[in-house]
Amino acid sequence: MSNGKVAKDVMIGIFEYPHVPYWFSISQAIRIVKVSFISAKKYPDPMAILVFDEKYNLMGTLTLKDILKGLEPRFMKPTTKAQVPAEDESGLSLIWDTLFTQGTKELAEKPVSEIMTPAKQFVEPGDPVTKAAYLMLHNDLVLVPVLEDKKKFVGLVRMIEIFDSISDAVIKE
Amino acid sequence: MIELIDRENHQKLYLQLLSIIKKKIEGGEWPIGTQIPTEEDLCKMFAVSRATVRTAVLELVREGYLKRQQGKGTFIYKSTVSDGIAMVTSFKELLFEEDLIFSTDILARTVMMPVDDLDARLNITPNKHIIYIKRLSLTGNEPVLLQESYIPYHICPLLLEDDIENISLLELFEKKYGIRITRVRNHIDIAYLSADEGRILGLPENSAAILLTQYFHSGETLFMYTRSVKRPDRFQISIELERKAI
């Protein structure tokens, strides 16, 4: 179903994405997002930052969603009224106004390591793209790192390339 | 293999010995900061008289390769000696006038994007990746100098894999990568340590420290910016300038 393609056939270089060490603050990450994507009018899919440790090992990824969630801890909690807009529109407008206001600036000083999606799943360069597809779908990931010998970070597999590869096979067959 | 004095050679013995020692220093066999063998040992190693050894060592001290420390011995001080304006080619040479024996711990070596004013300091666009290196130098077990170096990734990507614990960054730039240092801009100031810097240097937060910022150029290219903070209690600095003969 994937034309026999493996991860290294579809992976992209790691320098396609901004890098940050885990101790960077959320506000520093926000500035990087603005410079690397928004101001540059560059909108890769997914829009993400790679988070590394002090020995340049990949620790995780940071998406725009991760950042926004990190700035508003109520998003991390179970369902609240604010997430059920059908109930009372007038009251909800007050709730919306309080989002991203109280304590957000303080939260923006937290390190990105606290809000990133940890990199626990990876593929080897020779692994089939179907494995990468499985890991992405099963773990709700936007990127899967490609590690050589389970150690050296050599590339990234994204959903777009996985989709392209698998869908090609579907159409041809 | 030990290179020996050639007695058939008509060059003076002390000059031959000087040349052999210089090769050992420049080649890194005798690294900066290490103590050279005693006069007696050198006499035995090269089968020469004490007077020959003494003359060669004195000349190497005069040239700046060796430094004598009262009551301790003679140590390797520089691996290269520049002509013309005596340019600072190693942090050690600038900051460790008396602290010759030390080791370096690599606290971080990773890649990041420029934040704050780093892009301006490095003269790069803010979407360029940077290699970040954080090192702690120790004299014995005492931490004395905390250095953070920032290098545009495209200048030297292989730096992520080099042995920077034992080889200085500048030596790697010049000898391995052929990036010749033509200018170093230094700023010396007083800094107040952050909590993290204080913890690493073993001093309370907000303690005063010596701050050295350095900008390294090769021709028109600025290839490294370094920020170093040093404990102030053992601070000594000496810069020698020599006018090049016209």
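The values are calculated or read from the model by the stated rules, or taken from the named source; none is laboratory data. This one's a predicted model, so the numbers in the text were calculated from it and none came from an experiment. With ideal geometry, Cβ positions are generated from the backbone for all residues, glycine too; neighbour counts draw on all protein chains shown.
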Being charged (D, E, K, R), modelled with pLDDT of 90 or more and either more than 15 Å from the chain's Cα centre (by Cα) or closer than 26 Å to A:Ile14 by Cα (or both): is that true of B:Arg199 here? yes
Restricting attention to region A:51-68, and to residues there that are under 16 Å from B:Ile130 (Cβ atoms) and surrounded by 21 or more Cβ atoms within 10 Å (Cβ to Cβ), which single residue is farthest from the other protein chains (Cβ to nearest Cβ)? A:Val51
Assess whether B:Ile179 counts as being within 17 Å of the chain's Cα centre (by Cα), assigned by TED's automatic domain parsing to the domain that holds B:Ala209 and closer than 20 Å to B:Leu107 by Cα. no
Run down A:Lys8, A:Lys34, A:Lys41 and say which single residue is within 14 Å of chain B (Cβ to nearest Cβ) and at pLDDT 90 or above. A:Lys34
I'd like to verify a number: residues in region B:133-161 that are within 11 Å of another protein chain (Cβ to nearest Cβ), in contact with a strand residue (DSSP E or B) (Cβ under 6 Å, 6 or more places away or on another chain) and over 11 Å from B:Met224 (Cβ atoms), how many? 2
How many residues of region A:158-173 are under 21 Å from A:Glu16 (Cβ atoms) and free of Cβ contacts under 8 Å to residues at least 40 places away in the same chain? The answer is 1
Would you confirm whether any residue within region B:137-144 is in a strand (DSSP E or B), surrounded by fewer than 18 Cβ atoms within 10 Å (Cβ to Cβ), at pLDDT 90 or above and of a type in the set (Asp, Glu)? no
Out of (1) under 20 Å from B:Leu118 (Cβ atoms); (2) surrounded by fewer than 18 Cβ atoms within 10 Å (Cβ to Cβ), the odd one out for B:Thr182 is which? (1)
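Let's see how each residue does on (1) charged (D, E, K, R); (2) in contact with an Asp or Glu (Cβ under 8 Å, 6 or more places away or on another chain); (3) within 19 Å of A:Pro18 (Cα to Cα); (4) without any contact (Cβ under 8 Å) to a residue 24 or more places away in the chain:
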site	(1), (2), (3), (4)
A:Glu114	yes, no, yes, no
A:Thr117	no, yes, yes, no
A:Asp127	yes, no, no, no
A:Ala133	no, no, no, no
A:Leu137	no, no, no, yes
A:Leu147	no, yes, yes, no
A:Lys150	yes, yes, no, no
A:Leu156	no, yes, yes, no
Looking only at region A:1-45, which residues are within 17 Å of the chain's Cα centre (by Cα) and in a loop (DSSP other than H, G, I, E, B)? A:Met11, A:Gly13, A:Tyr17, A:Pro18, A:Tyr22, A:Phe24, A:Lys42, A:Tyr43, A:Pro44, A:Asp45
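Residues in region B:115-130 that are out of contact with any Lys or Arg (no Cβ under 7 Å at 6 or more places or on another chain) and at the interface with chain A (Cβ under 9 Å from one of its Cβ atoms): how many?
Quick first cut of region B:115-130, residues out of contact with any Lys or Arg (no Cβ under 7 Å at 6 or more places or on another chain) only: B:116-130.
Those left that are additionally at the interface with chain A (Cβ under 9 Å from one of its Cβ atoms): B:116, B:119, B:125-127, B:129-130.
Summing the residues that are out of contact with any Lys or Arg (no Cβ under 7 Å at 6 or more places or on another chain) and at the interface with chain A (Cβ under 9 Å from one of its Cβ atoms) in region B:115-130 gives 7.
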Read through the list (1) part of a loop (DSSP other than H, G, I, E, B); (2) among the β-branched types (Val, Ile, Thr); (3) modelled with pLDDT under 85; (4) in contact with a helix residue (DSSP H, G or I) (Cβ under 8 Å, 6 or more places away or on another chain), then give the number of the only condition that B:Val48 fails. (3)
For A:Ala48, only one of the following conditions fails: (1) under 13 Å from the mean Cα position of the chain (by Cα); (2) modelled with pLDDT of 90 or more; (3) away from chain B (no Cβ under 14 Å); (4) within 25 Å of A:Ser165 (Cα to Cα). What is its number? (3)
Looking at region B:102-114, which of its residues are more than 8 Å from chain A (Cβ to nearest Cβ) and either assigned to a strand (DSSP E or B) or over 23 Å from A:Val33 (Cβ atoms) (or both)? B:Phe102, B:Ser103, B:Thr104, B:Asp105, B:Ile106
Which of the following residues is in a loop (DSSP other than H, G, I, E, B), more than 14 Å from every other protein chain (Cβ to nearest Cβ) and not polar (S, T, N, Q): B:Glu205, B:Glu171? B:Glu205
Is region B:217-228 home to any residue that is over 30 Å from B:Ile155 (Cα atoms) and surrounded by fewer than 18 Cβ atoms within 10 Å (Cβ to Cβ)? no
